[in-house]
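Every read-out reported here was derived from the displayed coordinates using simple, explicitly stated rules and does not represent laboratory data. Not measured: the values here are computed from a predicted model.
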């Protein structure tokens, strides 16, 4: 992938339409701004139980957005990233419906994980307690099949998303068919959604176990033959993330958002500087995504208690400060308050997490762009979006607070805002300055100061942030005033 800033977006929520409208935006008002785009699930349907992450048919584009040919057209404008949902399929998928009707006579029998397939000798309380769960629920759902039979299925996320045995022949054929569609559409990178949960083994945590890495390696080797790179989406302790990064093409830097917020809230650069000195260089950096702002990535290890990048009281204070600065809006969208069981995430736009303070927002983006890795910018964050309390009230889904549907006039108005224009200038700087292809160095000369520097040959660029004000300056060779 190009070392340029990428856009993260739902096709319909930014374009006001489908692929054609989004491509017009990328070739028009946003021409040359992004080197790539992560198109969030655009498969049939985009409005299921999990906003497209539960496709009924992963090989079909939702016709309301367009066709695979339209996807290919966008790939000629920017490099594309798409989601490969490997852990589960929809309970309304043709495969599951066939199994539901025919049972053991179905060609898909064995593709779906029932509790007895994972624990053929029976499951004990200790087996259940060993399973890693960032949610307060157990990962099983009792379902009655069309045949009348009742079974207990493994459902990591919700009862509409049935976990699959990724090594079953039909599951492999299913995943292969998706990859072929992606290759034909010109997709350059796949994001392995929830891959950390893909392998289940009795007596283990069933999360990022050695067999999971084996599966990732095998799938990556397969995608490489198709000319596709792999981005692994995993929330975990920072030391595990460093180890994971050594074994994959790309990982997310999910520790960055809470550390940037902590630095700005407390004028404390030390945890951020420590992480940036250690963080994987093959990272995709984010501040906001279609999910919430995670805190698990800076916390202690749930498995063995190894301390995190922030202490528990610092994390508590971070979350409460987001609630305070957002005037309680994030609290209404987080946890059990809004049908959101990922208790390790706070739902809020990044701008509102900062209390709408535009200078701090631009400083946060500058830190992101100077951090090692390829930056991604979420569409709401690009346009300086605020919490969509109306959508939240309508759906009751916490993450919808940061999943606004933009119409054309809103996009035009947002792009004219001075902060958004300054933000886009910052994106262009990150895309074009040659020093960002060189060596990175970070230091925190004082608790409230952080300096981030890139250098390649005679080219250099430095970001200096005084967190006590806060303010920031960018200096370097070849910069214009």
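Tabulated data for the structure shown
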read-out: Prolate/oblate/rounded call for the range 197-272, Cα gyration tensor, a/c under 1.5 rounded; value: oblate
read-out: Rounded to 5, percent antiparallel among DSSP beta bridges of the range 1-89; value: 20 percent
read-out: Span from the the range 53-71 Cα centroid across to the the range 184-261 one, whole angstrom; value: 24 Å
read-out: The chain - convex hull of the alpha-carbon atoms, volume per residue in Å³; value: 142 Å³
read-out: Radius, Kirkwood style, for the range 94-163 when every pair of distinct Cα atoms is counted (Å); value: 12.9 Å
read-out: The range 114-264 - Rg and Dmax from Cα coordinates, angstrom; value: 17.4, 57
read-out: Degrees between helix 312-325 axis and first principal axis of the chain (Cα, 0 to 90, nearest 10); value: 70 degrees
read-out: Folded to 0 to 90 degrees: helix 418-432 orientation relative to the chain principal axis, Cα; value: 80 degrees
read-out: DSSP bridge pairs, the chain: antiparallel proportion in percent, nearest 5; value: 55 percent
